[in-house]
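Reading through the structure tokens given below for one structure.
The values are calculated or read from the model by the stated rules, or taken from the named source; none is laboratory data. Computed from a prediction, not measured in an experiment: that's the story for all the values here. Backbone-built Cβ (ideal geometry, glycine too); neighbour counts: all protein chains shown.
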Amino acid sequence: MINFQNVINDIHNNLKSSENRGVVASYIPELEKQSAKSFGIFLKPINGENCHVGDWNTPFSIQSISKVLALSKAIVFENNKVWQRVDVEPSGNPFNHLSLLELEKGIPRNPLINAGAIVIADILVTHLKHPKQDFLDYVRNIAGDHTINYNLDVAKSEQNTGFKNFAAAHLLKSFKNLNNDVDTVLDFYFHQCALELNCKQLANAFYLFANAGKCINNKQHLSLIQVKRINAIMLTCGFYDEAGEFAFEVGLPGKSGVGGGIVALLPSNFVIVTWSPGLNAKGNSLLGMQALEQFTTKTKRSIF
Ligand code: GLN
């Protein structure tokens, strides 16, 4: 029997004094306030005790990790119709890349790059009566935690500087792949990205993807086939132009965000969350990638 707490303690010890911690995101000015020294890990097994170490209890901006939660809600509304407006192929490009979108006539490569996530946001704005409040309630619900909230300063900060997202949304609109107006959709998208959760809350929110669609309160939110598809998209597209590297090093479906969080999971086994705000050149948490590589190597738990 593996002692998971000892494993994550060892990994935290190995990495916590690392000199090379990457660079904290600054293109959203509010994110630059995060300390590159923060480092936390939280492991939630499907059966068994939670384990945690370091700064697992500090809320951070989940940014692109929210795209998976938004997708899971959009799929409940539109099921397979979603795939008429967004594809499921890895893009091999950075998260905010635009030229493929033009070439491919406004159909984003997948729902986890920004353009794809903006289409998903459009779907939610269409279906939800009070989009920001209703989406927040959904996340609170699946995480079983009603203290979760948006960080309004982060949302505003991206609203002021998210020029490439405005460009993506206008391009989508020009190809008739955005039904609502650009400002409304982006206001929703910037709030979605500005959700603040700690490692434990995030592990709880993602529990349903490791538990055949049932959230921590045992409510069935997604069918098995929907969970299979979302996990496949995380594996192939969750780390943008580093998705291959993440599969190669870690071997789990997962999703990163420029706030420095990474969620990864092994279906029917566990959800693991790391948070360290320093990013590598591809915009993924540098220590988080290393910690997860060590985790799956030491425990021999990966989908491969
Ligand atoms: N809100 C960020 C953006 O749109 C999310 C990017 C990310 O986390 N990779 O640029």
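Things to note:
- If the condition is being at pLDDT 95 or above and touching a Gly at 6+ places or on another chain (Cβ under 6 Å), then the range 235-259 contributes 238, 254, 255, 258.
- Among the residues of the range 91-105, those identified as surrounded by fewer than 20 Cβ atoms within 10 Å (Cβ to Cβ) and assigned to a loop (DSSP other than H, G, I, E, B) are 92, 93, 94, 96, 97, 98, 104, 105.
- Test: residue in the range 185-194 that is within 16 Å of the ligand (Cβ to nearest atom), within 18 Å of residue 67 (Cα to Cα), over 16 Å from the mean Cα position of the chain (by Cα) and surrounded by fewer than 18 Cβ atoms within 10 Å (Cβ to Cβ): yes
- Residue in the range 2-21 that is of a type in the set (Gly, Ala, Ser), away from the ligand (no atom under 16 Å from the Cβ), buried (at least 20 other Cβ atoms within 10 Å of the Cβ) and not in a helix (DSSP H, G or I) present: no
- Residues that are within 15 Å of the ligand (Cβ to nearest atom), among the hydrophobic types (A, V, I, L, M, F, W, C) and closer than 21 Å to residue 209 by Cβ, drawn from the range 274-293: 275, 289
- Matching residues, the range 161-170, being in contact (Cβ under 8 Å) with a residue 40 or more places away in the chain and surrounded by fewer than 19 Cβ atoms within 10 Å (Cβ to Cβ): 161, 164, 167
- Single residue of the range 194-222 satisfying the filter (among the polar types (S, T, N, Q) and out of contact with any helix residue (DSSP H, G or I) (no Cβ under 9 Å at 6 or more places or on another chain)) that is modelled with the lowest pLDDT: 218
- Of the candidates 75, 65, the single residue that is touching a Lys or Arg at 6+ places or on another chain (Cβ under 6 Å), assigned to a helix (DSSP H, G or I) and in contact (Cβ under 8 Å) with a residue 60 or more places away in the chain is 65.
- Qualifying residue in the range 74-97 (condition: hydrophobic (A, V, I, L, M, F, W, C), modelled with pLDDT under 95, under 20 Å from the mean Cα position of the chain (by Cα) and within 18 Å of residue 260 (Cβ to Cβ)): yes
- Selection within the range 204-255 - away from the ligand (no atom under 16 Å from the Cβ), more than 21 Å from residue 141 (Cα to Cα) and in a loop (DSSP other than H, G, I, E, B): 250, 251, 252, 253
- Looking across the range 106-145, just one residue is among the small types (Gly, Ala, Ser), over 17 Å from residue 81 (Cα atoms) and outside any helix (DSSP H, G or I), and that is 144.
- Tally, over the range 98-145, of residues that are within 17 Å of the chain's Cα centre (by Cα) and without any contact (Cβ under 8 Å) to a residue 24 or more places away in the chain: 1
- Condition check for residue 263: closer than 27 Å to residue 34 by Cβ, in contact (Cβ under 8 Å) with a residue 24 or more places away in the chain and more than 16 Å from the ligand (Cβ to nearest atom): no
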